[in-house]
Amino acid sequence: MSFTKVCSVGDIWEGEMEPFTVNGHEILLVGVEGGDIKAFQGICPHQDIALSEGKFDGKKLICRAHLWQFDASNGKGINPDDCALAEYPVKVEGDDVYVQTAGVEALFAHS
Ligand code: FES
């Protein structure tokens, strides 16, 4: 499985998020409180809204449209709790952030 270089570690500060398109996948990179960088699907599982247009406080992602909330440590839905964001494997090597897109599909929930 191969990883694709997406950005530099310095592009994703703790508490910040940044959208990228990687190998045709809309991806949201988030700097989780505590220092981890995570990659999730960039589109809300509810409807076709970019999560980067919402809010992120270092722990929770909140979609701007209907305020669904997701745990940024694992992508699980907080409210509602029967949805989730697909998570992409992330690898940090030196200053570079790599994401693996193969085999990951965005999840969509009930409407
Ligand atoms: S589109 Fe994200 S909560 Fe509805």
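On a C-alpha basis, how far is the centre of the stretch 63-111 from the centre of the stretch 1-35 in Å? Whole number, if you could? With the stretch 63-111 and the stretch 1-35 each reduced to a Cα centre, they are spaced 11 Å. Kindly report, to the nearest 10 Å², the accessible surface of SER73 as traced by a 1.4 Å probe over protein heavy atoms only. Per-residue accessible area (SER73): approximately 60 Å². 3J(HN,Hα) along the stretch 43-54, derived from phi through the Karplus expression 6.51 cos²θ - 1.76 cosθ + 1.60 where θ = phi - 60°, amounts to 10, 4, x, 7, 9, 7, 10, 6, 5, 5, 7, x Hz, with x in place of Gly and Pro.
Rolling a 1.4 Å probe across the protein heavy atoms gives the stretch 4-99 an accessible surface of 50 Å² per residue. The Rg/Rh ratio for the chain is 0.94, where Rg is the radius of gyration of the alpha carbons and Rh is the Kirkwood radius. Over all other residues within a Cβ to Cβ distance under 14 Å of VAL32, the charged ones net out to -4, with Lys and Arg as +1 and Asp and Glu as -1.
The residues neighbouring GLN47, those whose beta-carbon lies less than 14 Å from its own, together hold a net charge of -2 under the Lys/Arg +1, Asp/Glu -1 convention. Amide H contacts for LEU85 (H built 1.01 Å from N in the peptide plane; partners 5 or more residues away or on another chain; cut-off under 5 Å): LYS76, GLY77.
Only lysine pairs 8 or more places apart, or on different chains, with alpha-carbon atoms under 18 angstrom apart are counted in the chain, and they number 10.
The values are calculated or read from the model by the stated rules, or taken from the named source; none is laboratory data. A quick note: this is a predicted structure, and the numbers were derived from the prediction, not measured. FYI the Cβ positions are ideal-geometry reconstructions off the backbone, even for glycines, and counts take in every protein chain you see. Surface areas here come from the heavy atoms of the whole protein model, side chains and all, with no ligands, DNA or RNA. Shrake-Rupley method; radii C 1.70, N 1.55, O 1.52, S 1.80 Å.
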